[in-house]
Ligand SMILES: Cc1ncc(COP(=O)(O)O)c(C=O)c1O
């Protein structure tokens, strides 16, 4: 069936434009949209609240939970379905047993939503927030050197009160990969054994995640970015030790083993962080997108392909007068961040560049910290698209010279 065709041909969003915003939202393949419509139809045909529909709904949920758990290298009991990355980070985080004076150590490239949630948690529970600086390390070192350097930085930042470390797996700004497994190992040796929360917004679907997801305490992701699923469904892989002590925060009937006995019967597994009614057809859509991506190659093969395309873009940018990449080495995955400068070295307005490219049907985005442009390449990207972006950037630079 359609899985035999290159998945890009199944994505209406890629027709008639040149798309590089996979880190913002991935395009939805038509078969995934059709799977959602079919699921909705079946629910209506069986009857939306009938004994007949429950096994069907259960089957959709079980299938997507199993698929996501397999990608994470964990059993399905460790996988909670959520709405997005942020709720996957925040729901278990707020359920942990905090004590006044505990320290939260946050990487300096974390997403504002997750940072805000940690800051508010700290304010309410009298915790301290400190920063693990990794941005500079990423910009001036090779990916290979990064592991040891991040671990050194971690060593300097840890204190006897550190209770949590927050670090993205694939940084959304520089596109660097953080050594999550090594960080987890180091934290195990700390007297507090701090929790490790990993924001997997950019890693899930773009690089292999099982090694990191299976050792983090909270590994939170969404289906709507690199997995090319619908918006509104994500997941979080939770560690066994977290499941033993974390209390559900946003509580509803899906957190419960038995609806009738309420709080005494929270699920022992990750479902204690699920809440209530949600949109079941999204599960069918995401399962379909994951199958379509799997048909393009293993996670390792797809990562390799993204890396090749990112390498082409990164090298093209080195040759482009006035372009500066954030990384001084080819990117380790599919995110390529850069700035454009005029002849006197002054940085060009990033919003203006995004708009100008958008008018030409080329879609990249800008970021605030640092102020830069970001283009993402996925398995659906072609070399011709990368070259088209490079040509458009060259033309912009020449026009503005
Ligand atoms: C690194 C990172 N974390 C979190 C988010 C927020 O994702 P969501 O809207 O799925 O919670 C994003 C979205 O761009 C992101 O890039």
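The values are calculated or read from the model by the stated rules, or taken from the named source; none is laboratory data. Model, not experiment: these values are computed from the prediction. Cβ atoms come from the backbone with ideal geometry, glycine included; neighbour counts cover every protein chain shown.
Laid out as a table, the results:
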quantity	calculated
Boolean, residue 250 is surrounded by 24 or more Cβ atoms within 10 Å (Cβ to Cβ), in contact (Cβ under 8 Å) with a residue 24 or more places away in the chain and within 15 Å of the ligand (Cβ to nearest atom)	no
Whichever residue in the range 18-59 is away from the ligand (no atom under 16 Å from the Cβ), part of a loop (DSSP other than H, G, I, E, B) and out of contact with any helix residue (DSSP H, G or I) (no Cβ under 9 Å at 6 or more places or on another chain) and, among such residues, is nearest to residue 364 (Cα to Cα)	48
Check on residue 90, touching a helix residue (DSSP H, G or I) at 6+ places or on another chain (Cβ under 6 Å) and under 30 Å from residue 278 (Cα atoms)	yes
Selected residue (criterion: farthest from the ligand (Cβ to nearest atom)) from residues of the range 157-180 that are buried (at least 24 other Cβ atoms within 10 Å of the Cβ) and free of Cβ contacts under 8 Å to residues at least 60 places away in the same chain	180
Meets criteria (in contact (Cβ under 8 Å) with a residue 40 or more places away in the chain and more than 18 Å from the chain's Cα centre (by Cα)) for residue 269	yes
The range 310-326: number of residues that are touching a residue at least 24 places away in the same chain (Cβ under 8 Å) and either assigned to a strand (DSSP E or B) or not assigned by TED's automatic domain parsing to the domain that holds residue 384 (or both)	1
Every residue from the range 68-111 that is farther than 24 Å from residue 150 by Cβ, assigned to a loop (DSSP other than H, G, I, E, B) and within 16 Å of the ligand (Cβ to nearest atom)	83, 84
